[in-house]
Every structure is written in C-alpha cells, then in structure tokens.
Amino acid sequence: REASQIPQRVLFYKPYMSNGLADRLLLEQELHKALANEEFYLDFQPQVNIKTDKIDSVEALVRWRHPTRGFVSPEQFIPIAEESGLIIPLGKWILETACAQAKIWREQGLPPMKVAVNLSIGQLFQQDLVHMVQEILQCTKLEPKYLQLEITESMTMNIDQITQLLHELKTIGIQIAVDDFGTGYSSLSYLKDFPIDCLKIDRTFVRNIQHNPNDEALVSMILSMAKHLRLKVVAEGIEEVEQLAFLIDGGCDYIQGYLFSKPISAEEISNNFKELHRRARDVLKEFKYEE
Ligand code: C2E
Ligand code: MG
Ligand code: MG
Ligand code: MG
C-alpha cells in the first residue's frame, strides 16, 4: 500500500497504539509478579446506613502499588487481570484478605461490619467458587452474613448458569449485590430470578441528580422498584450534601461516597472509626429533624 492511500488518521494514531500495546504486555508481565511480590493491598470505603446513621458496611477495593510506576488504578489493571486469568488467584487473595480484615476489626472491638467484595466475571465461571468462598469463611471465621459479593449486570447474560450459582452462594448465607446498576445493557428480567439482596446505583446517575430531572426520574424509579422487590439500595459516588436530600426522601438505604469518606486503609478504619461515625451522624442530622 502506498503511503498516500493510508488515511492520515491511521498514521497519526499508529505510534500511540503500538506503544499502548507494548505497555500493556509489560503491565501484564508485571501484574503476574505483583501478587508474589505483595504489591497489592486493599482499601475500604465506608457505607453509611441512612436508617441508623451508622457505618455498618465497607467495600473492599484493590490497590496496586507498582515499584516504579507508583499507584496503578484498578480500572486499568483489573481488565488485564481478567483477560490474562490472573484474576483467579488475585480474586482469591482479595476475598481472603477482605474477610480476614473484617474479622480483625471485630477482634479490635469495632461494631460488626459487612464487607463487600467485587467479583469479576472470570471468578463466577471458575469451577470451585462456592467451595472457595466456604473455605475462606471457615478459615477466617467470618460469619457469612458479613460478606457481600458484588456482581455487575454484564455477568447476568448467562441467566440459567448464574442463577444456579447465586443460589448456591446464598445457601452459604452470604449477601449478593448488583454493582453499577443501570449501566449495563442487560434486560431487567434477571431481577426476578436472581437471589439478590442489594442494588448499587451507579454514580453516573447520582452525579447530577440535583440539576437533571432525567437523572432524578431514573433514580426514583430505581428506588421504588427496589422497594417493591424488597432490595436494599446503595447510592454510590455521593460527593455533595445536596445530593442527599433526594436519596433520603426516596428511601435509599446506604450512601457510599467521598462526602463521607474516600476509600481508606484498614488501619484508618480502625483508628478513625468514631470520627467517621460522628461525621456521618452530623451530616445526616440536618435531614432527619423534619421527621
Ligand atoms: P466499583 O466497584 O463501582 O467501585 C466504586 C468506585 O468508585 C471506586 O473506584 C471508588 O473509589 C469510587 N468512588 C467511590 N465514591 C466516590 C465518589 O464520591 N466520587 C468518585 N469520583 N468516585 C468514588 P476504584 O477503587 O478506582 O475502583 C474502580 C473499579 O475497579 C470498581 O468499581 C470495580 O469495578 C473495580 N475494582 C476495584 N477493586 C476491585 C476488586 O477488588 N475486584 C474486582 N474484581 N474489581 C475491583
Ligand atoms: Mg463495587
Ligand atoms: Mg459501582
Ligand atoms: Mg465501577
């Protein structure tokens, strides 16, 4: 092909794209070493229970501290871990670490807290997921009701298989949440078959809730649907106090967002628990006096 025939767009993008690919391959190799090198750790983001003003759950979020690149976002490395299969050992490590941490907090005298752990699709299709979860709960001595697994709508494609699996997981006594609810392309029909406990409203819906009537309509639809289906609702990504009124009025059960706390280390949770709790109570106080 003559150079003149190649669209300029391609010439312009090519160096960038191939760089990206090489970098990705390198990242994949480094990712494989990272588990053995103990470069991963978990942060935890509090979820505030609106009915009680208490922090009674946290979401575990994996972090990668790369020796030279520094902090690599999970948005960047989780997809690579999924495609390379590393998500299986990494996912197991995340689950073990999160459950062990929940137990440590209990032993430190913190009130009981549920820990929510994100699952990747590859983990759902891994043969021994149910067995693995059971074993981790046994080893860490965490009561099953304090573990919540988060799945996403993209995992609901294979309804029959997933329904069976989720029922098996429910038999253990753990909770199931649907993360990023409303952002997938799936139909809602899985909601009637899946044994789900909780929906997490994605932050793209709540971001402009106080300015955009369409977002407001969608959020109130999700809240009322959840109520009828007897599901709990967590609103994600709440940054401003102005976003709260509507969610509280609509009967949202939990708030997770920078307004209350960014994801923080396990030690910060234990050391600052009272302070986090007081902050939550103070913020929510002004919404409660009308009742
Ligand atoms: P996610 O599960 O929906 O997690 C919520 C994300 O929103 C987290 O980003 C959290 O830090 C961020 N977030 C929470 N509150 C706010 C807020 O008020 N404002 C803004 N701007 N962001 C907020 P993070 O930790 O970067 O994780 C991104 C995604 O990576 C997660 O989305 C999840 O899909 C994936 N991920 C993270 N940890 C894990 C893990 O342990 N396993 C798996 N399979 N995926 C994970
Ligand atoms: Mg999540
Ligand atoms: Mg989410
Ligand atoms: Mg997400």
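The values are calculated or read from the model by the stated rules, or taken from the named source; none is laboratory data. Please read all numbers here as calculations on a predicted model, not as lab measurements. FYI the Cβ positions are ideal-geometry reconstructions off the backbone, even for glycines, and counts take in every protein chain you see.
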Qualifying residue in the range 28-36 (condition: at pLDDT 95 or above, surrounded by 16 or more Cβ atoms within 10 Å (Cβ to Cβ) and assigned to a strand (DSSP E or B)): no
Test for Ala177: is it aliphatic (A, V, I, L, M), in contact with a Leu (Cβ under 6 Å, 6 or more places away or on another chain) and surrounded by 19 or more Cβ atoms within 10 Å (Cβ to Cβ): no
When residues of the range 128-160 are limited to those that are in a helix (DSSP H, G or I) and free of Cβ contacts under 8 Å to residues at least 12 places away in the same chain, the one farthest from Trp105 (Cα to Cα): Asp160
Lone unmet requirement of (1) in contact with a helix residue (DSSP H, G or I) (Cβ under 7 Å, 6 or more places away or on another chain); (2) outside any strand (DSSP E or B); (3) under 25 Å from Gly184 (Cα atoms) for Glu96: (3)
Selected residue (criterion: farthest from the chain's Cα centre (by Cα)) from residues of the range 161-194 that are at pLDDT 95 or above and in a loop (DSSP other than H, G, I, E, B): Gly173
Failed item in (1) of a type outside the set (A, V, I, L, M); (2) within 16 Å of ligand 3 (Cβ to nearest atom); (3) more than 18 Å from the chain's Cα centre (by Cα), with Glu135 passing the rest: (2)
The lone exception for Phe205 - which of (1) touching a helix residue (DSSP H, G or I) at 6+ places or on another chain (Cβ under 7 Å); (2) away from ligand 4 (no atom under 16 Å from the Cβ) it fails: (2)
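Table: residues versus (1) within 16 Å of ligand 1 (Cβ to nearest atom); (2) under 19 Å from Tyr190 (Cα atoms).
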{"position": "Val130", "(1), (2)": "no, no"}
{"position": "Lys145", "(1), (2)": "no, no"}
{"position": "Gln148", "(1), (2)": "yes, yes"}
{"position": "Met157", "(1), (2)": "no, yes"}
{"position": "His167", "(1), (2)": "no, yes"}
{"position": "Lys170", "(1), (2)": "no, yes"}
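Report whether or not Ile121 is at pLDDT below 95 and within 16 Å of ligand 4 (Cβ to nearest atom).
Numbers: at pLDDT below 95: yes; within 16 Å of ligand 4 (Cβ to nearest atom): yes.
When the stated conditions are applied, Ile121 passes them.
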Answer residue from the range 68-87, given it is surrounded by fewer than 17 Cβ atoms within 10 Å (Cβ to Cβ) and either under 18 Å from the mean Cα position of the chain (by Cα) or of a type in the set (Val, Ile, Thr) (or both) and is farthest from ligand 4 (Cβ to nearest atom) among those: Thr68
In the range 30-67, the residues that are more than 15 Å from Pro89 (Cβ to Cβ) and polar (S, T, N, Q): Gln45, Gln47, Asn49, Thr52, Ser57
Some residue of the range 222-241 being at pLDDT 95 or above, within 19 Å of Gln45 (Cα to Cα) and of a type in the set (Lys, Arg): yes
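Give me the residue from the range 149-161 that is of a type outside the set (D, E, K, R) and within 13 Å of Leu119 (Cα to Cα) and, out of that set, surrounded by the fewest Cβ atoms within 10 Å (Cβ to Cβ). Break it down into steps so the answer makes sense when it comes.
Our first condition is that a residue be of a type outside the set (D, E, K, R); within the range 149-161, this holds for 149, 151-152, 154-159, 161.
Subset that is within 13 Å of Leu119 (Cα to Cα): 149, 151-152, 154-156.
Working: Leu149: 21, Ile151: 25, Thr152: 20, Ser154: 13, Met155: 21, Thr156: 22.
Filtering first and then ranking leaves Ser154.
Select, from Lys274, Lys200, Lys192, the only residue that is basic (Lys, Arg), within 16 Å of ligand 1 (Cβ to nearest atom) and on the phi < 0 side of the Ramachandran plot. Show your work before the answer.
Numbers: Lys274 fails: within 16 Å of ligand 1 (Cβ to nearest atom); Lys192 fails: within 16 Å of ligand 1 (Cβ to nearest atom).
Going through Lys274, Lys200, Lys192 in turn, the sole match is Lys200.
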